[in-house]
Amino acid sequence: MSEMFARIVLWAIFAASAIMTVTFLSGRGASLVAGYNTATEAEREAVDERKLLRVMGVGMLVVTVVLLVLALLGEATPIAFVCVAIAIVGVDCAAMVYLANTKCKK
């Protein structure tokens, strides 16, 4: 029972990630970016929103692909692959933060 619940949760997280990826890559969803949605109008003027959403979209695409592979492998996923997947997501998140704070400025 718990294995089936874990698979359902993983597929739900994948679906949410895929929706966010499409939202960001379509140029919408700036309100979903942490920090940007709470920034003042002056702080938002200093950021290129289009570049920011592209960075977030590509970063989320990497996370979505990793989640898809994990969901497809299911219980047959080797622990080494899980460790590699965690490392990929970690590096991807760090790259998104770096690019959002440097390359997305006007």
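Laboratory data are not the source of any read-out in this text; all were calculated from the coordinates shown. The structure presented is a predicted model; accordingly, all values stated were derived computationally and were not measured. Glycine also receives a Cβ, built like all others from the backbone with ideal geometry; neighbour counts cover every protein chain displayed.
With helices as the sole contributors, the chain gives -25000 deg cm²/dmol at 222 nm; each DSSP H run of n ≥ 4 counts as -39500 (n - 2.57), and the sum is divided by every residue. Each Lys and Arg adds +1 at its Cβ and each Asp and Glu adds -1 at its Cβ; summed about the Cα centre, the chain shows a dipole of about 320 debye. Extension gain for residue 102 to residue 86 (0.36 nm times residue separation, less C-alpha to C-alpha distance): 3.3 nm. Shape class for region 2-102: prolate, because the ratio a/c of the largest to smallest gyration tensor axis (alpha-carbon atoms, square roots of eigenvalues) is 1.5 or more and a/b beats b/c. GNM on the chain, C-alpha springs below 10 Å: top fluctuator among 87, 95, 30? Maximum among the listed residues: 87.
Other residues lying with their Cβ under 15 Å from the Cβ of residue 54 contribute a combined charge of +3, Lys and Arg counting +1, Asp and Glu -1. Close amide H contacts of residue 47 (hydrogens built in the peptide plane, cut-off under 5 Å, sequence separation of 5 or more or a different chain): 106. The label-point distance for residue 68 and residue 41, in a model that sets each label 7 Å from Cα toward Cβ, rounds to 4.1 nm.
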